[in-house]
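Enquirer: Can you read through this structure? Questions will come right after.
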Amino acid sequence: MNDRHFTISMHILTLLAKNLDQWLPSAYIAGSLNLNPVIIRTALSKLQKQGFIETKEGKNGGSRLVRSPEKILLSEIYLSVYNQTSIGKLLPSPNPECCVGKKINQNISELNLCIEKVVFKQLEGVTLQDFSMKF
């Protein structure tokens, strides 16, 4: 995964895990990530749809975890933002007459799948609580 969605999600969820008894406003979360609040609200919306958080509007609103951090596996978070680009995007139209071009996308896809399996296996044994204890 070459984008930052996993990192943003991990940052948000770790911040919420460290503040379980509070509703954290999107502006506060955006300040922690040093990102535009619009990006954060988009990420929060996706995390809510995935069932990790709940949000409440208004003066005392914000976001908080729906589930205990001990019950959220990092592999779940990873799958929620998975985009199948660990190595990079496939070539749109390599030359099918070339010995490399005709099979490059297939072989890169297989390599990517192997990498994803290793990453997933590593994340499967770690909870959000485990990760948040590092902070």
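Enquirer: Would you tally the residues in segment 16-42 being in a helix (DSSP H, G or I) and either over 19 Å from the mean Cα position of the chain (by Cα) or in contact (Cβ under 8 Å) with a residue 12 or more places away in the chain (or both)?
Expert: 11
Enquirer: Picking from S9, S109, S32, which residue would you name as being more than 18 Å from Q129 (Cα to Cα) and at pLDDT 90 or above?
Expert: Within the list S9, S109, S32, the selection yields S32.
Enquirer: Could you give every pair whose Cβ atoms fall below 6 Å, whose first residue belongs to segment 121-135 and is surrounded by 10 or more Cβ atoms within 10 Å (Cβ to Cβ), and whose second residue is in a loop (DSSP other than H, G, I, E, B) and not hydrophobic (A, V, I, L, M, F, W, C), counting only separations of at least 6 or pairs across chains?
Expert: S132/K18
Enquirer: If a residue has to be at positive phi and over 16 Å from the mean Cα position of the chain (by Cα) to count, how many in segment 76-135 make the cut?
Expert: Of the residues in segment 76-135, 1 are at positive phi and over 16 Å from the mean Cα position of the chain (by Cα).
Enquirer: Something else about it: State whether one or more residues within segment 97-110 are in contact with an Asp or Glu (Cβ under 9 Å, 6 or more places away or on another chain) and not in a strand (DSSP E or B).
Expert: The answer is no, given that none of the residues of segment 97-110 is in contact with an Asp or Glu (Cβ under 9 Å, 6 or more places away or on another chain) and not in a strand (DSSP E or B).
Enquirer: Within segment 27-40, work out how many residues are of a type outside the set (F, W, Y), surrounded by 14 or more Cβ atoms within 10 Å (Cβ to Cβ) and farther than 15 Å from T7 by Cα.
Expert: Residues meeting the conditions: 1.
The values are calculated or read from the model by the stated rules, or taken from the named source; none is laboratory data. The structure displayed is predicted, hence computed values, not measured ones. Counting neighbours? That spans all protein chains shown, and the Cβs are built from the backbone with ideal geometry, glycine included.
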